[in-house]
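Below is one structure, written out as structure tokens; the observations come after it.
The values are calculated or read from the model by the stated rules, or taken from the named source; none is laboratory data. This is a predicted model, so every value here is computed, not measured. Glycine also receives a Cβ, built like all others from the backbone with ideal geometry; neighbour counts cover every protein chain displayed.
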Amino acid sequence: MFTVNAYAATSATGPLVPTTIERRDLGPDDVAIDIRFCGICHSDIHTARSEWGPTRYPLVVGHEITGVVREVGSAVTKFAVGDRVGVGCMVDSCRECDNCRNGLEQYCLKGNVGTYGGVGRDGEPTQGGYAQAIVVAEDFVLRIPDGIELDAAAPLLCAGVTTYSPLRHWNARPGRRVAVVGMGGLGHMAVKLAHAMGAEVTVLSQSLKKREDGLRLGADHYHATSDEDTFTTLAGSFDLIINTVSATVDVNAYLGLLAVDGTLVNVGAPEEPLSVRAFSLIPARRSLAGSVIGGIAETQEMLDFCAEHGLGAEVEVVPAEKINEAYERVLASDVRYRFVIDASTF
Ligand code: NAP
Ligand code: ZN
Ligand code: ZN
């Protein structure tokens, strides 16, 4: 075992505080990674504050990790010391169920092992990426292509794949009209990715404050959801809507924006239930769906796609001591468009 500096949540209401944690000894297929950057995902905040049910404290969150391999186990074949790598939301799964065999580890029938808040192979609670280093089985380590800087790459490990996966699954491509609700961490990646896939992209944001950015990132249209007219003007006009909002929204209003056979995919994960009227779906054969991150092979595919298209996240790099301040800014929708922690400051 080795000890690393980290930041942990210790209660649902208090700030994250500096601490130290132990990382397990390297097993034969393990990779030890010196973390360089870790993104701040809204899921970190939901979890740190016990918004999805009770969190076991102390907990180090963070699942948008990039860094450099510092040591490899004796049986590791895919990585060598010095490689640029990433770790996303999962660090293991059963590897045997139908979903794992089909590259859908995120839907492992026995439950994947979360990068934080799960149980590691040493039987200890997993602790995430707000730390100096991490040890992960090589099958759950991603390769960061040369063309992407490690800070801009970090958010791809969650925000990137969480939007890439439904865009691919529901066929974002030329001729398809895609709307992205909420332009935060996930939303801004959805805009970039959907544009790179050739779709016609519309942002639906609370206001027009970030309009210039949205258009620069690849949106063709940008509307404010605070404007009632938006919902009448755009009625029935999208094939796919990706809802990335971290709070509860009126799903019925967004379903009304779908064309016949359109799908609203919820990736935003507020704790309250969604309330759906049957008549929001029936008149146009609409679907309401959900999606969680992406599989490991798909995550690598997304990273390679981003490198090919020159994409990374728009990041604001912050030192560890600014994590709590960054949380407040994320909660105020004041993020442009992902905070990324400089791990050299832990
Ligand atoms: P984020 O950076 O905070 O972005 C959320 C955006 O939603 C905000 O920037 C804001 O965009 C909009 N928004 C916030 N509060 C709102 C409100 N009350 N009404 C309307 N719009 C509001 O968060 P994120 O990191 O992208 O995560 C978004 C959600 O996805 C979170 O719930 C997170 O837990 C979840 N998530 C799910 C998965 C998955 O696998 N399904 C993976 C990662 C994250 P505008 O300012 O443009 O309106
Ligand atoms: Zn996340
Ligand atoms: Zn499985």
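Points to keep in mind about this one:
- Of the residues making up the stretch 294-317, at least one is over 19 Å from Val17 (Cα atoms) and among the hydroxyl-bearing types (Ser, Thr, Tyr).
- Here Thr248, Thr230 are screened, and the one residue that is in the same structural domain as Lys209 (by TED's automatic domain parsing), modelled with pLDDT under 95 and among the β-branched types (Val, Ile, Thr) is Thr248.
- Among the residues of the stretch 81-102, the ones that are assigned to a loop (DSSP other than H, G, I, E, B), within 16 Å of ligand 1 (Cβ to nearest atom) and touching an Asp or Glu at 6+ places or on another chain (Cβ under 8 Å) come to 2 in all.
- Looking only at residues of the stretch 171-219 that are outside any helix (DSSP H, G or I) and touching a Pro at 6+ places or on another chain (Cβ under 9 Å), we find that the one that is nearest to Gly39 (Cα to Cα) is Met197.
- Residues in the stretch 332-345 that are within 15 Å of Leu186 (Cβ to Cβ) and of a type in the set (A, V, I, L, M): Val335, Val340.
- Test: residue in the stretch 108-118 that is over 17 Å from Phe140 (Cα atoms) and outside any loop (DSSP other than H, G, I, E, B): no
- Helices (runs of 4 or more DSSP H) (entirely within the stretch 238-330) containing at least 2 residues that are under 20 Å from Ile144 (Cβ atoms) and touching a residue at least 60 places away in the same chain (Cβ under 8 Å): 296-308
Table: residues versus (1) within 15 Å of ligand 3 (Cβ to nearest atom); (2) surrounded by fewer than 20 Cβ atoms within 10 Å (Cβ to Cβ).
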{"position": "Gly67", "(1), (2)": "no, no"}
{"position": "Asp83", "(1), (2)": "no, yes"}
{"position": "Val91", "(1), (2)": "yes, no"}
{"position": "Asn102", "(1), (2)": "yes, yes"}
{"position": "Cys108", "(1), (2)": "yes, no"}
{"position": "Gln127", "(1), (2)": "no, no"}
{"position": "Arg143", "(1), (2)": "no, yes"}
{"position": "Leu150", "(1), (2)": "no, no"}
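- Across the stretch 178-204, the qualifying residues are those that are of a type in the set (Gly, Ala, Ser) and free of Cβ contacts under 8 Å to residues at least 60 places away in the same chain, and the one among them that is surrounded by the most Cβ atoms within 10 Å (Cβ to Cβ) is Ala190.
- Pairs with Cβ under 8 Å, 6+ apart, first in the stretch 1-12 and in contact (Cβ under 8 Å) with a residue 60 or more places away in the chain, second part of a strand (DSSP E or B) and among the small types (Gly, Ala, Ser): Phe2/Ala133; Val4/Ala131; Val4/Ala133; Asn5/Ala131; Ala6/Ala131; Tyr7/Ala131
- Options Gly187, Gly175; residue that is closer than 21 Å to Val318 by Cβ and assigned by TED's automatic domain parsing to the domain that holds Leu258: Gly187
- Looking only at residues in the stretch 272-305 that are more than 23 Å from Asn102 (Cα to Cα) and surrounded by 13 or more Cβ atoms within 10 Å (Cβ to Cβ), the one that is nearest to ligand 2 (Cβ to nearest atom) is Leu274.
- Some residue of the stretch 131-149 being under 27 Å from Asn243 (Cα atoms), within 16 Å of ligand 2 (Cβ to nearest atom) and either among the small types (Gly, Ala, Ser) or out of contact with any helix residue (DSSP H, G or I) (no Cβ under 8 Å at 6 or more places or on another chain) (or both): no
- Per-region count, the stretch 1-49, residues assigned to a helix (DSSP H, G or I) and polar (S, T, N, Q): 2
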